[in-house]
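Report on the following structure.
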Amino acid sequence: PNGGPEDVTPPQLDSAGTFPANYSTHFVGDKITLSFDEFFVLKNPTANVFFSPSLEESPEFLTAGKTLTILLKNDLKENTTYTINFGDAISDYTMGNQIPDFKYVFSTGDFLDSMATSGKIIDAFSGEPKEAVLVMLYEDFTDSIVSKSKPVYYTKTNKTGLFSINFIKAGSYKIAALE
């Protein structure tokens, strides 16, 4: 037998073993469990996976079979929507098919925040789009806030310089980009 067609699909989130469910509300706890439909690899979570809004302490990532467990080391804010940005860090075990720009979203309140911002970062000298630039939102508008505190929300630009930050709480923010 030839083994069948080549696997070209990335792992899919299996809702049966996932807690809390993606896009759920009223989360309380210190552990998040993501279950996938096949064995997967999580590439360097400390560098590639980030929470928005940011957490004081980095969580611990444990993989076992088809399950990823995220152990939170500090309490989450009340009435806040969190996005876990995995980027391309999750791929299937055998073929390396990545889940493109995978995001997992949940809220500790009654609803998911629905504001968003997006844009494109262009290098001022070359006119070319910039990949992997950190785009950050701050609630504090002082000039030195970027060097003094963590952003409330953040993301990285993709290969074409595009970024989007979704599930933002309504309000006014200072935006900064850092390479």
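Brief remarks follow.
- On the chain, 52 percent of the accessible area sits on carbon and sulfur atoms, based on a 1.4 Å probe.
- Rounded to the nearest 20, the Cβ-based charge dipole of the chain about its Cα centre (Lys and Arg +1, Asp and Glu -1) stands at 280 debye.
- Sorted largest first, extent of the range 91-132 alpha carbons per principal axis (Å): 45, 38, 10
- Share of alpha-carbon pairs per 10 Å distance bin for the chain, given as whole %: 9, 33, 35, 17, 5, 1, 0
- Restraint check, 77/120; 43/66; 73/130; 130/169, Cα-Cα greater than 25 Å: 77/120; 73/130; 130/169
- C-alpha center-to-center spacing [the range 104-179, the range 18-62] in angstrom: 20
- Accessible heavy-atom area order of 60, 139, highest first, probe of 1.4 Å: 139, 60
- Where only DSSP H runs of four or more residues are counted, the chain gives -500 deg cm²/dmol as its mean residue ellipticity at 222 nm, each run worth -39500 (n - 2.57).
- The chain, relative contact order [Cα under 8 Å, separation at least 6], %: 21
- Each distinct pair of alpha carbons in the range 44-115 adds a 1/r term; the inverse of their mean, the Kirkwood radius, is 13.5 Å.
- Placing +1 on each Lys and Arg Cβ and -1 on each Asp and Glu Cβ, with no other charges, gives the range 70-160 a dipole about its Cα centre of roughly 180 debye.
- Cβ-derived FRET efficiency at R0 25 Å, residue 93 paired with residue 56, nearest 0.05: 0.15
- Accessible area per residue, Å², the chain with all protein chains present, probe 1.4 Å: 58
- Space enclosed by the convex hull of the alpha-carbon atoms of the range 98-177, per residue, Å³: 118
- Here's the picture: charge each Lys and Arg Cβ at +1 and each Asp and Glu Cβ at -1 in the chain, and of 25, 9, 132 the one pushed furthest to the positive end of that dipole is 132.
- Burial order of peptide ranges 152-160, 38-46 (average beta-carbon count within 10 Å, highest first): 152-160, 38-46
- Working from label points 7 Å from Cα in the Cα-to-Cβ sense, the residue 2 to residue 71 distance is 4.7 nm.
- Kirkwood's formula applied to the C-alpha pairs of the range 1-84 gives a hydrodynamic radius of 14.5 angstrom.
The values are calculated or read from the model by the stated rules, or taken from the named source; none is laboratory data. Here the structure is a predicted model, which means the values were calculated and not measured. Quick reminder, even Gly has a Cβ in these numbers, built from the backbone with ideal geometry, and neighbours come from all protein chains shown. The accessibility values were calculated without ligands, DNA or RNA, using every heavy atom of the protein model including side chains. Shrake-Rupley method; radii C 1.70, N 1.55, O 1.52, S 1.80 Å.
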